[in-house]
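Scroll down for the structure; my scribbles are underneath it.
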Amino acid sequence: MSQIRATLVLLAVFTLLTGIAYPLAITGIAEAVFPAKAKGSLVEVNGTVVGSRLIGQSFTSDRYFHGRPSATSGTDPNDPSKTVEQPYNAAASTGSNLAPTSKSLAEAVAARAQALGPGRQPADLVTASGSGLDPHISPAGAYAQVERVATARKLAPAAVRTLVDSRVEGREFGILGEPRVNVLELNLALDKLPPGGAGS
Amino acid sequence: MQADLLQAALYAVVLVALAVPLGLYMARVYTGDVTFLAPVEKTLLGAAGGGGEQSWCTYAVSLLLFNAAGFALLLAILMFQNVLPLNPQGFDGLSWHLAFNTAVSFVTNTNWQSYGGETTMSNLSQMVGLTTQNFLSAATGMALAAAVARGFAGRQVRTVGNFWTDMTRSVLYILLPLSLVLAVVFAALGMPQTLAGSVDATTLEGAKQTIAIGPVASQLAIKQLGTNGGGFFNVNSAHPFENPLAITNYLSMLAILVIPVAFCFTYGRMIGDRRQGLALFAAMGVLLVAGFAALYAAEHAGNPLHAAFVEPVTGNMEGKEQRFGLIGSVLWAATTTAASNGSVNAMHDSLTPLAGMVAMLNMQLGEIVYGGVGVGLTGMLLFVIITVFLAGLMVGRTPEYLGKKIEAKEVKLAALTLLIMPIGVLVLGGLAIAVGTAQSSVQDAGPHGLSELIYAYTSATGNNGSAFAGFNANTPWHNTFLGLAMLLGRFGYMLPILAIAGSLGTKMPAPPTAGTFPTHGTVFVVLLVATILIVGALTFLPALALGPIAEQVSMLAGTTF
């Protein structure tokens, strides 16, 4: 009997303490001290939320740098009973989960590489990220797209390359992680470049 | 390569530097010498009235009762989340089999997820349901380790401590303070923490992007520290909100292993012979480093099937995130499968075959390469019993551990636990194949399909929780049988080791003589590692030959499926 009482009392107390008080306390602290981060590091342009700096988004236009392939899917807007490919669906993260010996993976990698040009391409541009929401590409992956973006925007390639240079983030503290470029931030900076002139 | 190994070395050094003082502190917690929250502790335990010192049997009853009640509460929250508050996205209640699977999963510290968090769980379920069990399942494992250490150290005593006290102290003095600090650090580094459900954005190309969000930082801290591993989002710590930076990746990896490593030192202190704890630390360390090296080599070599199209410098990047790179993903894969944590920052399903095999083997060895909080240590002690028994056979002496005779009863109980992994993986996995539910759930054809199935049942039985996530586990069959595998893999180890501890506690240690086989030092560590590898290899090599090894051979031969 005393065991049952102890069970009920401690389960109730710890549910209140760890399941309610703890997350609410952290929420209170985070919203007071790091309000922008607590809400998801959102990026606003002219008062409109254009995304989160932590979450990649789908870019298909030649005028923008593209992020990594994304394996996320979503509901078909024309037929809610179907699921269709929907890259960078930030409401349902997923990787491809395809096997190393998967035929469809090998074909996808080949097709993505060939779309970028002849020969070998940077790995990040031809493989799907784990989350489907990877906000970054490698510096090599960014430089590989400079020509295309410059042509589409009628900019001097040197100007675009300089912009990429300024956006490369090195390893954190000089040692952790990999060098990278945040695609959304790079494209926002790209939109701010004066048309034509900068690289002349 | 050099930068990679530097990151790995830095990880090992900082991990041990943190674990040693934490382990000694934890020993003081369990001996009652840490008292800064004594008034809270006294009030709580007074109201609970759980009595004094318990025999191993009573301790086990308390533990099981507490876990059963936690299971019932969580099951109810999950099934009825649709009528409960804090459900901003209006999610339905879970089906009975998914609720059963998830409740078992979080109560057993497995955190296997047959569901995608951001598309299934209300904020109430995530916080009150899952986060609570993240604390309590971890505290249960830690309490067990404290009780077992007391039993092993005991001199003719019939008790192993009090479950309610151990569990309460684990939360108040260890898990909660560490989680508070880590959650605030995580929030400062960019993890969201809000009660909102999602945010709508208009992308630069004018499309609508709905971004799922929620109280992430608080859940992440305890998910790692408690070797739970259940993600807020479907892709777990690969999600940029769960792991926005290389530094959060690094801190998460430290949090995954710090308490399991610390327990080696806690144990040494509690039994009054730190060399014994060091021996366990060394044996686990050898296995961890070996697993990491094999994983790294396989992933760094990349996928030959893609070699014509991919720059070779980065290795296999399918399913990995750019900000962590290969090393941040591989080191994580090695630690999370070794530690029975099961959170992932890369999709294990897309690991090259031998890397995937190492991840499986880490779990199949019984989750004792530091293992889950508390239970990693106790699992290792079962192998210690087997090892001293084998050593005793070789020299023809009655085996002893810590000066106590290891007799038929203890050896039988320890040997019994060797059957748990094979039953969970080979019997239940084989059953799924026999009835055809395996074939309908696997995503990939060829040997990799078998690997997906083996991984699922291994992860469940090992209470790990990571997955080859192409496998569709959310079916009545797999939810039920994976749930049973988790229960078997949790309590099937807990009860025997508690019984052994109870039995050893009643014995009087004899002083060592010239004929005593020392259970510290290099010879013992080598024997222990060999025993673990032989048992693991003998049991699983045939299955692994049909899965990852066959796939590796196919891959090298240029075959796709």
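The values are calculated or read from the model by the stated rules, or taken from the named source; none is laboratory data. Every value quoted in this text rests on a predicted model; they were computed, and no experiment measured them. Don't worry about glycine lacking a Cβ; one is built from the backbone with ideal geometry, like all the others, and counts go over all protein chains shown. Please note that ligands, DNA and RNA were not included when accessible areas were found on the heavy atoms of the full protein model with its side chains. Shrake-Rupley method; radii C 1.70, N 1.55, O 1.52, S 1.80 Å.
Computed quantities for the displayed model
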quantity	calculated
Of all residues making up the range B:80-108, the number that are without any contact (Cβ under 8 Å) to a residue 40 or more places away in the chain and among the hydrophobic types (A, V, I, L, M, F, W, C)	7
Total residues in the range B:374-411, condition polar (S, T, N, Q) and open to solvent by 10 Å² or more (accessible area, probe 1.4 Å)	1
Subset of the range B:313-346 [open to solvent by 10 Å² or more (accessible area, probe 1.4 Å) and under 17 Å from the mean Cα position of the chain (by Cα)]	B:LEU331, B:VAL344
Lone unmet requirement of (1) more than 22 Å from the chain's Cα centre (by Cα); (2) in contact (Cβ under 8 Å) with a residue 60 or more places away in the chain for B:ILE77	(2)
Tally of residues being in a helix (DSSP H, G or I), of a type in the set (Val, Ile, Thr) and surrounded by fewer than 23 Cβ atoms within 10 Å (Cβ to Cβ) across the range B:473-529	6
Some residue of the range A:38-55 being touching a residue at least 40 places away in the same chain (Cβ under 8 Å), open to solvent by less than 50 Å² (accessible area, probe 1.4 Å), in contact with a Leu (Cβ under 7 Å, 6 or more places away or on another chain) and under 30 Å from B:ALA355 (Cβ atoms)	yes
Extreme residue, nearest to the other protein chains (Cβ to nearest Cβ), among residues of the range A:70-92 that are modelled with pLDDT of 95 or more and open to solvent by less than 20 Å² (accessible area, probe 1.4 Å)	A:ALA90
Neighbours by Cβ (under 6 Å, 6+ apart or cross-chain): first from the range A:106-123, farther than 17 Å from A:ARG68 by Cβ; second hydrophobic (A, V, I, L, M, F, W, C)	A:ALA106/B:LEU305
Selection count where residues are within 14 Å of chain B (Cβ to nearest Cβ), crowded, with 20+ Cβ neighbours inside 10 Å and more than 21 Å from B:VAL313 (Cα to Cα), scope the range A:136-159	1
Exclusive hit being among the β-branched types (Val, Ile, Thr), crowded, with 24+ Cβ neighbours inside 10 Å, touching a residue at least 60 places away in the same chain (Cβ under 8 Å) and facing chain A (nearest Cβ under 7 Å), set B:VAL235, B:VAL310	B:VAL235
Filter result for B:ASN109 (part of a loop (DSSP other than H, G, I, E, B), at pLDDT 95 or above and under 26 Å from B:THR165 (Cβ atoms))	yes
Residues (more than 7 Å from chain A (Cβ to nearest Cβ) and under 17 Å from B:ASN236 (Cα atoms)) located in the range B:198-218	B:GLY214, B:VAL216
Sole exception among (1) at pLDDT 95 or above; (2) assigned to a helix (DSSP H, G or I); (3) open to solvent by less than 40 Å² (accessible area, probe 1.4 Å) for A:GLU107, by number	(3)
